[in-house]
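A.B. asks: First the structure, which I've put down as structure tokens, then a few questions once you've had a look.
The values are calculated or read from the model by the stated rules, or taken from the named source; none is laboratory data. The structure displayed is predicted, hence computed values, not measured ones. As a convention, Cβ positions derive from the backbone with ideal geometry for all residues, glycine included, and neighbour counts pool all protein chains shown. For accessibility, only protein heavy atoms count, side chains too; no ligands or nucleic acids. Shrake-Rupley method; radii C 1.70, N 1.55, O 1.52, S 1.80 Å.
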Amino acid sequence: MANSESSKLFKTIGKNIKYYRKLYDLEKGKMTQEKLAELTEVSTALIGNLESEKIDQGLSVYTLWKISKTLEVPIQKLFDGVDKN
């Protein structure tokens, strides 16, 4: 994967995590970066880096799966907006 493709992928996933975390906030109760990190057993810095537009932060499929389960959203929703070509 070219560097620009991976960067786009990481930014899209991060943007979607932030979107669904905020949506969870509105519908089900407070979900801060700290709370999401605690519930998924990762560092707050990882969640912050994922949501940042300035940092390309990779993550494991297992961590992505845990985040999707915690936010109660299908994992494929975290890839919405990724170019499929």
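A.B. asks: Might you check whether a residue that is polar (S, T, N, Q) and surrounded by 12 or more Cβ atoms within 10 Å (Cβ to Cβ) occurs anywhere in the range 24-34?
C.D. replies: Yes: one or more hits.
A.B. asks: In the range 1-19, what residues are open to solvent by 40 Å² or more (accessible area, probe 1.4 Å), out of contact with any helix residue (DSSP H, G or I) (no Cβ under 6 Å at 6 or more places or on another chain) and not hydrophobic (A, V, I, L, M, F, W, C)?
C.D. replies: Asn3, Ser4, Glu5, Lys8, Lys11, Lys15, Tyr19
A.B. asks: Any residue in the range 1-20 that is on the phi < 0 side of the Ramachandran plot sitting within a Cβ distance under 6 Å of a residue that is among the small types (Gly, Ala, Ser) and surrounded by fewer than 16 Cβ atoms within 10 Å (Cβ to Cβ)? List the pairs, counting only those 6 or more apart or interchain.
C.D. replies: Going by the 6 Å Cβ cut-off, the qualifying pairs are Thr12/Gly81.
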